[in-house]
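The values are calculated or read from the model by the stated rules, or taken from the named source; none is laboratory data. None of these values were measured; they are calculated from a predicted model. Cβ placement follows ideal geometry from the backbone for every residue including glycine, while neighbour counts extend to all protein chains displayed. Note: accessible area is taken over every heavy atom of the protein model, side chains too, but ligands, DNA and RNA are not part of it. Shrake-Rupley method; radii C 1.70, N 1.55, O 1.52, S 1.80 Å.
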Amino acid sequence: MTIVSLAHVKKSYGAHTVLADISLDVGQGEVCCIIGPSGSGKSTVLRCINRLVPIDAGEIIVDGLSVTDPGVSDVALRRRVGMVFQQFNLFPHLTALDNVMLAPRKVRGLDAAAARELGLGLLAKVGLGEKAASYPAQLSGGQQQRVAIARALAMEPRVMLFDEATSALDPEITGEVLAVMKQLAREHITMICVTHEMGFAREVGTHVIFMDGGVVVEEGPPSEVLGAPKHERTRSFLAKVL
Amino acid sequence: MHGYASALPALLRGLGVTFAIASVAMIVAVVLGFAFGIVRSQAPRAFDLPILAVVEFFRGIPLLVLMYFLFFGLPQLGVRTSGGVAAVAALGLYAGALGSEIVRGAIVSIPRGQREAAAALGLGRAQSLGLVILPQALRRMLPPFVALFALIVESSSLASLIGVSDLLEAARQHVESDDAVALPIYLTVLVAYFLINFPVSLLSRRLERRLARP
């Protein structure tokens, strides 16, 4: 079953084309890893999926809802899509628990007790049960990103978007965030990950997409795209990053 | 009436007037500042421009001239204003213009990622503003708003020039009849203005520390 489907999506900023023509499908439980050089439009793909960026042409369907349909509210769409940012973007004035509880309370309308229970459960799941009362500034980068993952999961989304979730972290602490992402993959949570972690893509990805210049150059299982790339652009990119 | 002690009742009444004018003007400034500051931070550029023009206008005129205009000028249009009302209106408009800059600046200084994270979680525009952006922005507004309050207290002394019996006017009237006490009277007035502003400054420092999350 397809959860996210992009068909001929185009996006430009003025004369600068970011997405030339993107089509891709992500099924239930898949871990889709988008790789490619910076400026290739990878992050923009994610931002179009939850409507942070409006698309110019084409169609995106998320769990049966059309992103271009003005009748589909932002809330309806974003309840189905969790997003984790490169810079975490935790709310600094709220504790870890309050960060996680905010959307369940204000968007899903859970009462305080239920939201608290959900929040504590999710913090425990990402290994931060004892940090519930800490403010973001008191947490390391890896801990902050795990709180951000818990915060996104709190909406019980149908798909999780990871926008270079480990790129802002020191190399020695990317592991704790990747471990949480692997755990989510094992639980068959549908994930779309823009990543530079080729090891993660190879090990966890069910599908790898190589983007360059606003188009999908090559896609397939990691063993093919990463192991035996067909296109010259894929090969030269992999030669640089591996 | 002569002598320093005999001036004190009048000075106290004047202090009350100064305090009242400054307080009401500050409330006007905060209300105007938030209303226009929030609108300016959210509205598209086309809406911002006319407000910006008004803000720049009030920032670019001398406060005393504005008071004279409201007090001496408006009555010719049939709008009678008492000195107190003209003083509060002038101070409020002037400080409101500055306040809107403070509010707008604090809101737009919050990183864009905060707004994006709020949106991605499904929070609406008003929720994002009220739950995520403003709580962070308020902290950044506090020091400039305290400076603005001090400016209002100090500038309220201009009201003495349009017939308001504020602290300065009470002192001036007394010294007019007894210039032997000019030094102690004006020294008292200086200290009194300082004593209004200093506690506010202290309070804001304490608030800042309390709001500064670890």
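A:A133 fails exactly one of the following numbered conditions: (1) buried (at least 20 other Cβ atoms within 10 Å of the Cβ); (2) modelled with pLDDT of 95 or more. What is the number of that condition?
So A:A133 meets the others, but not (1).
Go through region B:123-152 residue by residue and tally those that are closer than 21 Å to A:T95 by Cβ, part of a helix (DSSP H, G or I) and hydrophobic (A, V, I, L, M, F, W, C).
First, the residues of region B:123-152 that are closer than 21 Å to A:T95 by Cβ: B:123, B:127-140.
After this cut, where a residue has to be part of a helix (DSSP H, G or I) as well, the list is B:127-140.
Filter again for hydrophobic (A, V, I, L, M, F, W, C), leaving B:129, B:131-134, B:137-138.
Counting residues in region B:123-152 that are closer than 21 Å to A:T95 by Cβ, part of a helix (DSSP H, G or I) and hydrophobic (A, V, I, L, M, F, W, C) gives 7.
Quick check on B:S109: is it among the hydroxyl-bearing types (S, T, Y) and open to solvent by 40 Å² or more (accessible area, probe 1.4 Å)?
Details: among the hydroxyl-bearing types (S, T, Y): yes; open to solvent by 40 Å² or more (accessible area, probe 1.4 Å): yes.
For B:S109, the condition - among the hydroxyl-bearing types (S, T, Y) and open to solvent by 40 Å² or more (accessible area, probe 1.4 Å) - is met.
Considering each residue of region A:129-160, count those that are hydroxyl-bearing (S, T, Y) and either in contact with a strand residue (DSSP E or B) (Cβ under 8 Å, 6 or more places away or on another chain) or within 11 Å of chain B (Cβ to nearest Cβ) (or both), and give that number.
Narrowing region A:129-160 to residues hydroxyl-bearing (S, T, Y): A:134-135, A:140.
With either in contact with a strand residue (DSSP E or B) (Cβ under 8 Å, 6 or more places away or on another chain) or within 11 Å of chain B (Cβ to nearest Cβ) (or both) added as a condition, the list becomes A:134-135.
The number of residues fulfilling the criteria is 2.
Look at B:L158 and say whether it is within 21 Å of B:L91 (Cα to Cα), over 17 Å from the mean Cα position of the chain (by Cα) and open to solvent by 20 Å² or more (accessible area, probe 1.4 Å). Let's see the steps before the verdict.
On the way: within 21 Å of B:L91 (Cα to Cα): yes; over 17 Å from the mean Cα position of the chain (by Cα): no; open to solvent by 20 Å² or more (accessible area, probe 1.4 Å): yes.
The answer is no for B:L158.
Could you go through region B:194-206 and let me know if any residue there is small (G, A, S), open to solvent by 60 Å² or more (accessible area, probe 1.4 Å) and either within 24 Å of the chain's Cα centre (by Cα) or under 30 Å from A:Q86 (Cβ atoms) (or both). I'd like the intermediate steps shown before the answer.
Keep residues of region B:194-206 that are small (G, A, S), which gives B:201, B:204.
In the following step, the residues that additionally are open to solvent by 60 Å² or more (accessible area, probe 1.4 Å) were identified as none.
Looking through region B:194-206, none of the residues is small (G, A, S), open to solvent by 60 Å² or more (accessible area, probe 1.4 Å) and either within 24 Å of the chain's Cα centre (by Cα) or under 30 Å from A:Q86 (Cβ atoms) (or both).
Among the helices (runs of 4 or more DSSP H) contained in region A:20-117, which hold 1 or more residues that are more than 9 Å from chain B (Cβ to nearest Cβ), crowded, with 23+ Cβ neighbours inside 10 Å and under 16 Å from the mean Cα position of the chain (by Cα)?
A:42-49
Is at least one residue of region B:19-39 over 22 Å from the mean Cα position of the chain (by Cα) and among the hydrophobic types (A, V, I, L, M, F, W, C)?
Of region B:19-39, the ones over 22 Å from the mean Cα position of the chain (by Cα) are none.
The answer is no; no qualifying residue exists.
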